[in-house]
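Engineer: Take a look at the following structure, please.
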Amino acid sequence: MNDQMPNVEQVIAGMRDETIREIGKDTISAAAQLAWYWSYIGALDMAQQLGLIDDPRRQALYHEAEKFKPVCEVRAVQTGDHLVAAEMSVEGNYNQIDGIINNEAPKPPSVLDNLRQYQEEAGKSQGGAAPPNRDPER
């Protein structure tokens, strides 16, 4: 244990009191309630990892925290969107959430493709045939 144990206990008590106060507010969302609770639990874990409290003390504080743990459910995905959730978990390109897993974004036409299209349109508008297809890259 650390020589600062009484000071650590005061800090933990202050964090617990603040967490309880914030969770108890009427204006706080369910997600914020959970965030306060898990922040407090994370602080207990950190205190144990730093050697400021031992594991039995951390477990006792966990047990105390169960009394004010918010009872709520936070859902990131709405009912019926399970396929979207599955796609988002594996999609390499988030702008393509479209029901097809791991597809690539459509590639814009190249400058050469645009040039060929304009040549064809120009040839048709003048009543003639399109110029022969020459590949300028060769």
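Engineer: Give the lysines reachable from K67 as a straight Cα distance under 17 Å; neighbours fewer than 8 places away on the same chain don't count.
Structural biologist: K25
Engineer: Around I53, what is the net charge, scoring Lys/Arg as +1 and Asp/Glu as -1 over all other residues with Cβ under 11 Å from its Cβ?
Structural biologist: Net of charged neighbours comes to -2.
Engineer: When only the heavy atoms of the protein chains count and the probe is 1.4 Å, how do V71, V111 rank by accessible area, highest first?
Structural biologist: So the residues, ranked largest to smallest area, are V71, V111.
The values are calculated or read from the model by the stated rules, or taken from the named source; none is laboratory data. Just so it is clear, the structure is predicted and the values come from calculations on it, not from any experiment. Glycine gets a Cβ as well: all are built from the backbone with ideal geometry, and neighbour counts include every protein chain shown. These accessible areas exclude ligands, DNA and RNA; they are computed on the full protein's heavy atoms, side chains included. Shrake-Rupley method; radii C 1.70, N 1.55, O 1.52, S 1.80 Å.
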